[in-house]
Amino acid sequence: MAFTQLTVRYNGFTGAPGWVKMKFIGQLDQSQANTAAANFRTFLVAIGVGNMPSGSNFSFDSIVQTFDGEGKLDGELSLSTVPANISGTAAGAYAGGAGVVVNWLTDAFVGGKRIRGRTFIVPLVSLAFQGDGTVLDTFRTSLGNAATTFALSTPQPAVWSQRDVGGSKINTIAGMTGATVPDRVALLRSRRD
C-alpha cells in the first residue's frame, strides 16, 4: 500500500538537527497533505514551547513525498499551507540527547511481531521531568492525549515497517490505532555519539 511522508526538522540545540518523518496511509493530494501537516503541528504544539530549549524550533518542510507499496519514492508535492514554526522558550537546563518517546500503536502483525513506531522528542528541558528521574505526570498525560488524538486523525497516520521474515523482505504500512508515552526518560543514541 502506498503512503505519504511529511518531514519536520528540530533545530537550534546542541546535537541538532533532528528529523521527524511522519507517514500517512495512501498518496495524499495537496489538500489532504495540508490537513495532515496541520494535524501533526497540533500534536507538536502539545509538547509545549516551555518544555523546549530557548532557540530550538520545529520547522516543516514544504515538500511532501509519496511512496509506492515497496517503499520507493515515486512523487513529491508542495504544501500550499506550510505550518508555522514552533519555537522553544525555556531557559532551563537540558541534556542534548534526553527527552521522551512516543510509541505509536497499530493492530498489524508481521512475522509474529506487532508493528509499532516511535518518535523521540529530544531535547526537553528539566521542567518536563520529576525529581526521581521520570517524566512529569501532567506533561506525560497531556502529551499522551495529544498523541492519541493525532494517531486517530484523518488522513490516517501510519507506521512503515520493513522486516525480514524467513529470508523474505516484507514491507508493510499500518495505520495507527493509538499512542503511549512511557514514564521514563528516553535517550536518543546515534552514530554521532
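Taken together, the values in this text are just the output of simple stated rules run on the coordinates, not laboratory data. What you see is a predicted model, and the numbers here were worked out from it, not measured in a lab. Glycine gets a Cβ as well: all are built from the backbone with ideal geometry, and neighbour counts include every protein chain shown.
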Protection proxy ranking of 97-109, 67-79 - average other beta-carbon atoms within 10 Å, highest first | 97-109, 67-79
Computed over the chain: longest principal axis from alpha-carbon atoms vs helix 137-151 long axis, angle to nearest 10 degrees, is 20 degrees
Taking 0.36 nm per intervening residue step and subtracting the Cα-Cα distance, what contour gain separates Lys72 from Ala46 on full extension?
-> 6.2 nm
Sort all Cα-Cα distances of segment 3-187 into consecutive 5 angstrom bins from zero, then give the percent of pairs in each bin up to the one containing the longest distance.
-> 1, 8, 16, 19, 19, 16, 11, 6, 2, 0, 0
Cα-Cα P(r), segment 54-116, percent of pairs per 10 Å interval | 15, 24, 34, 24, 4
Log10 I(q)/I(0) at q = 0.14, 0.16, 0.23 Å⁻¹ for segment 1-90, from Debye over equal alpha-carbon scatterers, is -0.51, -0.64, -1.07
Quick one: what are the phi-derived ³J(HN,Hα) couplings along segment 82-99, Karplus 6.51/-1.76/1.60 with θ = phi - 60°, whole Hz, x for glycine and proline?
-> 7, x, 5, 4, 10, 10, x, 10, 7, 9, x, 5, 8, 9, x, x, 10, x
Report ³J(HN,Hα) in whole Hz for each residue of segment 24-32, in order, from the Karplus equation J = 6.51 cos²θ - 1.76 cosθ + 1.60 where θ = phi - 60°; Gly and Pro get x.
-> 9, 5, x, 8, 6, 8, 4, 5, 5
With θ set to phi - 60°, apply the Karplus curve 6.51 cos²θ - 1.76 cosθ + 1.60 along segment 54-63 and write out the HN-Hα couplings as whole Hz, x wherever there is a Gly or Pro.
-> 4, x, 7, 7, 9, 10, 8, 5, 7, 9
On a C-alpha basis, how far is the centre of segment 1-25 from the centre of segment 52-124 in Å? Whole number, if you could?
-> 4 Å
What value, in deg cm²/dmol to 500, does the helix sum -39500 (n - 2.57) over DSSP H runs of n ≥ 4 give at 222 nm once divided by the residues of the chain?
-> -5500 deg cm²/dmol
At 7 Å along the Cα-to-beta-carbon direction for both Arg163 and Thr180, put a label point, then send me their distance in nm to one decimal.
-> 1.7 nm
Amide H contacts under 5 Å for Ala186, restricted to residues at least 5 apart in sequence or on another chain and with H modeled in the peptide plane, are Gly99, Val100, Val101
Interchain or sequence-distant (5+) residues whose placed amide H lies within less than 5 Å of the amide H of Ala90 are Met52, Ser54
